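The values are calculated or read from the model by the stated rules, or taken from the named source; none is laboratory data. As the structure is a computational prediction, the values presented were derived from the model and not from experiment. No Cβ is skipped: glycine too gets one built from the backbone with ideal geometry, and neighbour counts run over all protein chains shown. Heads up: the accessible areas ignore ligands, DNA and RNA and are worked out on the full protein's heavy atoms, side chains in. Shrake-Rupley method; radii C 1.70, N 1.55, O 1.52, S 1.80 Å.
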Amino acid sequence: MSTDLPFNSEFRSIPSITGHEFRRVIFDPLSIVVFLFLLLLVFLEGLRSTVPSGGYGSLVARLIYGLYPMGQYFAAVAMFIGATSLAEERSRNSLSVLLTKPLYRRDVILGKFIGLNIFLLLFVFSVYFAYAAVLFTLVGVPVSMPDFVLRCSSLSLAMFFESSLAMSLAMMAGVFFKILKKK
Amino acid sequence: MSNVINVAKKELADLMGSWLVIFVFAAYLVLTAYTAYQFYNILSNHLYIEGDLVKTFLCGVSIILSNYGSLLAVVIGFASISSERQGNALNTLLVKPLYRDTIVNGKLLGALTFLVCMYGFAVILYTSGLFMVCGNLFISMLPEYLAGLPFVIGISLAYAMIFFSISMLLSILFKNLAFALSLGVISIFKSETTSMIDVMQGLSILFGDDVNTIAGWLPDGIFGEIVFMLYRSHPGMTADLSTVWLDVIKLLLIMVVIVVISYIVFLRKDVS
């Protein structure tokens, strides 16, 4: 009888860790607070766009300049979830329990990384989608919808990559530095 | 009174020994040095108005102490509560024969002293940088620069204390310290974003108020107005403090209100 494991058996734990990490951050109070604040900002930016002399011209330009200041919020949320990802597990001693299970450390890190990136992708895209919806409602539909969708997606992706970098750096810092203990 | 000073001394010692504070302060000094270095390009390419250089220098000080210093203030506010919570010292402190307001007075005094020392250090570093970058040109403007420094430091300190108090309040309210620190940092972004013209125009459409009325009550709006009136609006003219006294009072009022709220929460909340 062969004792070799199937190739994909080593990676079966990653999706469950990914799902757990995603559920952890999506219900995190900071994510919810920042998301609601960004929705408010999106609404205010949209209201501002209704002023005849106050707009930037095209809808794409409004999308770029209106969402430009929100990049720091995405980075702040990314850094928070990245830094607390492993650090909180360590402080609650659940990381020690996790590592006694038949899990590779690689799977734990990969699963958390993928889960957090999925959350960031959804977070960024939902804010951009909300802003586009507000602009369509208050200002009007763009002349070329495919062009607008492509530009909006490109901007969202760029913002997602920036946030993902911030999250990765924070995750690395969370591995190395001692965390703030939750009482 | 001696108890307040004892608590303040302890707070000062704790802040000096906090790795988080030391790390953030080191990053802050790097930013300060970089701000001073930027004058090298400004002077090399003659990108300044003659007779207005002192105002530009003082504007640089205000950016260092308010924009970057507010982050330092948030970290100090967070560290003053979190270090006690982590080490279980807060509960031990509260069972001692000390009034709660003695503890919070001592913490405020210790943190304020620490912040003033850090700001002084940053200003010395910045001024040294200006000496190195500008040379004889800066020496000729030194008396005017030194005359304008106390007001800039004072108003920047008032601005930073707002965020210090917010950070301390959040650390008292929330048990999750990482959440409290992140929210404190985000409060700086929120203050900056809400003061932006786009958002204020949106608020004015929503509430029907004038943009200037709304900006006149936001910390960033008030501080920006003071800096603009003193250092950017009248090239070549000396700063006239009488034009900004109302904005200064508003800023101090916001600071006092947030400190009082922190007081009330600390006095009433169970911090176990």
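Points worth noting:
- Note on A:F136 and B:D101: with the Förster distance fixed at 56 Å, the Cβ-Cβ geometry gives a FRET efficiency of about 0.55.
- For the pair A and B, the buried accessible area comes to roughly 2400 Å² in total, with a 1.4 Å probe and the value rounded to the nearest 100.
- Accessible surface of B:K9, taken over heavy atoms with a 1.4 Å probe and every protein chain present, rounds to 130 Å².
- Legend: calculated FRET efficiency, A:R12 to A:L95, from the Cβ-Cβ distance at R0 = 30 Å, rounded to 0.05, equals 0.90.
- Burial order of peptide ranges B:71-81, A:99-109 (average beta-carbon count within 10 Å, highest first): B:71-81, A:99-109
- In plain terms, the chain from B:W217 to B:V30 could stretch by 64.1 nm, reckoned as 0.36 nm per residue minus the Cα-Cα distance.
- Shielding value for A:20-31 is 1, the average number of Cβ atoms from other chains within 10 Å of each residue's Cβ.
- Using the Cβ-Cβ distance between B:L146 and B:V257 with R0 set to 35 Å, the FRET efficiency from 1/(1 + (r/R0)^6) comes to roughly 0.60.
- Neighbouring partner chain Cβ atoms per residue of B:174-180, average, 10 Å criterion: 6
- Rg ratio for the stretch B:51-181: its Cα radius of gyration over 2.2 N^0.38 Å, N being its residue count, equals 1.31.
- Using the average count of surrounding beta-carbon atoms within 10 Å as a protection proxy, the listed peptides A:83-93, B:29-39, A:137-147 rank, highest first, as A:83-93, B:29-39, A:137-147.
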